[in-house]
Amino acid sequence: MPFWEEKQLTEMTRDEWESLCDGCGRCCLTKLEDIDSGAIHYTNVACRLLDTDGCRCTRYRARTKLVKDCVELKPGDTETLAWMPVSCAYRTLHEGRPLADWHPLVSGDPDSVHKAGISVRGKCVPEQLADADELESYLIDWIET
Ligand code: SF4
Ligand code: SF4
């Protein structure tokens, strides 16, 4: 059995944990929280450190020092998982669902997340080019939360 079917998230090695990330880049988009309901809404504005083509963090090791709102997801962090995309591999396994066919660990192809249209490639705006005062105009509905 593959490790992600055999082990709990809390039992995985560091390398196994890191390999679970499908490289979609979705969690690196700016999110807005509804003050009244607490609901999280995604925009297509990407963090300034996201490579918007490769959909990976350009400063992964130093990310939480360089971006104050960047959250390092850890096993058992259910509060963070709650606002991750439904498609996120960590949330998927946490909720007892199987990894999707397009997940690189399943397909064996690192590009499958892009080919399946799951990643943010070609669908996001770098933070540096977005109007920070008009974030509501960047709201999107193609990420299920
Ligand atoms: S949403 Fe999940 S799988 Fe996608 S980049 Fe973020 S941590 Fe990785
Ligand atoms: S610092 Fe890196 S991992 Fe954190 S939100 Fe920005 S691009 Fe994503």
Exercise for the section: Would you check if E95 is of a type outside the set (K, R) and free of Cβ contacts under 8 Å to residues at least 40 places away in the same chain? Expected result: yes
Exercise for the section: With respect to R91, determine if the residue is of a type in the set (D, E, K, R) and either under 15 Å from T10 (Cβ atoms) or near ligand 1 (Cβ under 10 Å from one of its atoms) (or both). Expected result: yes
Exercise for the section: Just name the residue that is nearest to ligand 2 (Cβ to nearest atom) out of those in the stretch 89-120 that are closer than 20 Å to T52 by Cβ and part of a loop (DSSP other than H, G, I, E, B). Expected result: V120
Fill in the blank from the handout: Conditions (1) surrounded by 15 or more Cβ atoms within 10 Å (Cβ to Cβ); (2) more than 9 Å from ligand 2 (Cβ to nearest atom); (3) of a type outside the set (A, V, I, L, M) -> C57 fails only (2)
Practice task
Give the residue that is modelled with the highest pLDDT, with candidates limited to residues of the stretch 75-88 that are in a helix (DSSP H, G or I) and away from ligand 2 (no atom under 15 Å from the Cβ).
Solution key: L81
Fill in the blank from the handout: From the option list I40, I35, single residue qualifying as touching a residue at least 12 places away in the same chain (Cβ under 8 Å), of a type in the set (V, I, T) and either open to solvent by less than 50 Å² (accessible area, probe 1.4 Å) or more than 14 Å from ligand 1 (Cβ to nearest atom) (or both) is I40
Fill in the blank from the handout: Going through the stretch 44-80 in order, the residues found to be within 21 Å of P110 (Cα to Cα) and of a type in the set (K, R) are R56, R59, R61
Practice task
Tell me, please, whether a residue that is surrounded by 15 or more Cβ atoms within 10 Å (Cβ to Cβ), more than 14 Å from L9 (Cβ to Cβ) and away from ligand 1 (no atom under 13 Å from the Cβ) can be found in the stretch 63-77.
Solution key: yes
Problem - For V45: the one exception among (1) open to solvent by 60 Å² or more (accessible area, probe 1.4 Å); (2) more than 14 Å from ligand 1 (Cβ to nearest atom) - result: (1)
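The values are calculated or read from the model by the stated rules, or taken from the named source; none is laboratory data. Just so we're clear, the structure is a prediction, and the values are computed from it rather than from any experiment. Neighbour counts run over all protein chains shown; Cβ positions are idealised from the backbone, glycine included. Remember, those area values only see protein heavy atoms, side chains included, never the ligands or the DNA or RNA. Shrake-Rupley method; radii C 1.70, N 1.55, O 1.52, S 1.80 Å.
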